[in-house]
Amino acid sequence: MDYQHLSTLLWREQELLDLLLFKAEEKQYLILTGKTRWLARIAHEIEVVLDQLRTLEVERAAATEAIAVKLGLDANPSLRQVADAAPSPWNDLFAKHHEALLVLVTDLRSLSDTNRELIEGGLAAIGDALLQVRTPTAGTYGASGRQTEGSHRAVTLDGAL
């Protein structure tokens, strides 16, 4: 594994994070417009991208570890540490990958927090609405054929027969 391989993996990671950002924005649009029909589908699509990212992360960790050995770095170095130790032009390229990944992750966290707040706000509004709307209960009928407590009017079965 070499510098080029790691760079290719980092480009792929940026593409997947960008796709994840797009999917999170789609989810926000669906939440804001009330098109909840598609939320399960977008959740599945997000999970597929996350699975791809997890797989890529394993490969990236292995590539980073191989380069760390070549550079004399400790085990499990950060991308910033690899960028600082790598020869030119890789040091600049890895530093740019690092910056781009930080921006994407920051944007994703922000959008994810916003989406969570929108969902929680929507659920709270639904709960408040349900508390305000109370349907009158019909009550239950006792042995005499009359409704018990909780009903709005007494109804006798004798008069109906």
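Taking Glu45 as the residue in question, decide whether it is within 30 Å of Ile31 (Cβ to Cβ) and touching a residue at least 24 places away in the same chain (Cβ under 8 Å).
On the way: within 30 Å of Ile31 (Cβ to Cβ): yes; touching a residue at least 24 places away in the same chain (Cβ under 8 Å): no.
Answer is no for this residue.
If a residue must be farther than 16 Å from Asp18 by Cβ and not acidic (Asp, Glu), how many such residues does the range 61-111 contain?
First, the residues of the range 61-111 that are farther than 16 Å from Asp18 by Cβ: 61-95.
After this cut, where a residue has to be not acidic (Asp, Glu) as well, the list is 61-64, 66-73, 75-83, 85-91, 93-95.
Total satisfying the criteria: 31.
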Query - Residues located in the range 65-116, provided they are among the hydroxyl-bearing types (Ser, Thr, Tyr) and touching a residue at least 40 places away in the same chain (Cβ under 8 Å) - result: Ser112, Thr114
**Report entry** Counted residues, the range 69-90 - those being touching a Leu at 6+ places or on another chain (Cβ under 8 Å) and among the β-branched types (Val, Ile, Thr)
**Finding:** 1
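Every number here is computed from the coordinates shown, using simple stated rules; none is lab data. The structure displayed is predicted, hence computed values, not measured ones. Backbone-built Cβ (ideal geometry, glycine too); neighbour counts: all protein chains shown.
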